[in-house]
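The values are calculated or read from the model by the stated rules, or taken from the named source; none is laboratory data. Computed from a prediction, not measured in an experiment: that's the story for all the values here. All Cβ positions, glycine included, derive from the backbone under ideal geometry; neighbour counts span all protein chains shown. Just the protein is used for accessible areas: all its heavy atoms, side chains included, with ligands, DNA and RNA removed. Shrake-Rupley method; radii C 1.70, N 1.55, O 1.52, S 1.80 Å.
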Amino acid sequence: MDPLSDILSLLRPKSYVSAGFDAGGDWAVRFDDQQGYIKCYAITRGGCWLTVDGLADPLRLQAGESFVMPSGRSFTLASGLDLTPVAAREIFPPAREGGVARLGSGGGMFLVGSRFAVDAGRAGLLLASLPPVLHVHAPADREALRWAVERMIDELHDPRPGSQLIARHLAHMMLVQALRLCMTEGAPTRTSPPRTGPPRTGWFFALADPRMAAAIGAMHADPARRWTVQDLAAAAGMSRSAFAARFRETAGETPMEYLTRWRMLLAADRLETTGDPVSVIAPDLGYWSDSAFSTAFKRVMGRPPRAWSGGT
């Protein structure tokens, strides 16, 4: 698979709730307790304000725009910035799956989307470098999400046999497509103006650079290989020094640090799901010494392999 698919597969996103939300008049909703979830929404009618904990400026969302919340921060959606919000749990019961929730008179703003439960043990390592909000707002990009969004609305408004399963698959399509578009928007071009705001670094933004993506794809395709920076620079079609500097600039870490972290994430997945011992996993990921593998695993994952696997 490609690197983005690899990473999302390790997160194991599950469509925990897929639903529509119809609000009208003056309204505000507060979403707390978001840790361990990725949220993906598309505004199909009207608009609203999005306020995210830890961000100074609210974000105005309009019909046709989408946003992804990958970091688990609490947030508020509202028709105005001076309104007192109600708790989301009062509108969306915990067990709700599908259908449309309404607030106020309805008819003003409509959004559709899903909340994905992700593997908490990996989410911090994989999502920490992403911004609190990924916003798809370029008019040319909106069309790419339209088909999945329209199909989702049909299933939520008119449930039929199999609607929940279809909605879940559509939700995964929306998530991947939104992430892909955010990645495209984040990619620099020759005509891009100087970027303002916090640095955009991490694997997500490195994948937006075709040369860095080629190197990351090579590591993912053969994690056991004894990669050198020169090898990866060749895969990227760059000189060693230029590649090393560019990788650190975009990914926020060195190529070897990324490779080690990716190997340990793969190892954690195997320890949890296969029961394979360290003596089998280590050489498959480029380690010919169990002790060297275990030392690297504990440094990256925070626990030794035996504790992670429950006693392998």
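Some points to look at:
- Computed about the Cα centre, the dipole magnitude for segment 3-186 is approximately 380 debye when only Lys and Arg (+1) and Asp and Glu (-1) carry charge, each at its Cβ.
- Per-residue Karplus couplings for segment 283-297, computed as 6.51 cos²θ - 1.76 cosθ + 1.60 with θ equal to phi - 60°, are listed in order as x, 5, 10, x, 10, 9, 10, 4, 5, 5, 4, 5, 5, 5, 4 Hz, Gly and Pro entered as x.
- Here is the list for segment 219-312: chymotrypsin sites (Phe, Trp or Tyr not before Pro) lying in DSSP coil, each with at most 14 other C-beta atoms within 10 angstrom of its C-beta, are TRP288.
- Apportionment of accessible area to carbon and sulfur, segment 203-307, percent (1.4 Å): 53
- The longest stretch of the chain left intact once loop-based trypsin sites (Lys or Arg not before Pro) with at most 14 other Cβ atoms within 10 Å are removed from consideration, loops following DSSP, is 1-95.
- Note, ³J(HN,Hα) from phi for segment 25-37, Karplus 6.51, -1.76, 1.60, rounded to Hz, x at Gly and Pro: x, 8, 8, 7, 10, 9, 10, 9, 6, 9, 4, x, 10
- Degrees separating the helix 139-157 axis from the principal Cα axis of the chain, which is the longest one: 60
- Three principal axis extents describe the C-alpha atoms of segment 203-307; from largest down they are 39, 22, 20 Å.
- Nearest-20 debye value, the chain charge dipole, Cβ charges on Lys, Arg, Asp, Glu: 540
- Take the Kirkwood radius over Cα pairs of the chain, plug it into Stokes-Einstein at 20 °C and 1.002 mPa s, and you get 102 µm²/s for translational diffusion.
- Three-way shape call for segment 3-186 based on the alpha-carbon gyration tensor, with the a/c threshold at 1.5: rounded
- For SER74, the shell of other residues with beta-carbons less than 14 Å away shows a net charge of +2, using +1 for Lys and Arg and -1 for Asp and Glu.
- For segment 203-307, the per residue solvent-accessible surface stands at 44 Å², with DNA, RNA and ligands left out and a 1.4 Å probe.
- Each of GLY217, VAL280, VAL229 was placed along the dipole of segment 203-307 (beta-carbon charges, centred on the mean Cα), and the one lying farthest toward the positive end is VAL229.
- Across segment 3-186, the relative contact order, built from alpha-carbon pairs under 8 Å that are at least six residues apart, equals 33 percent.
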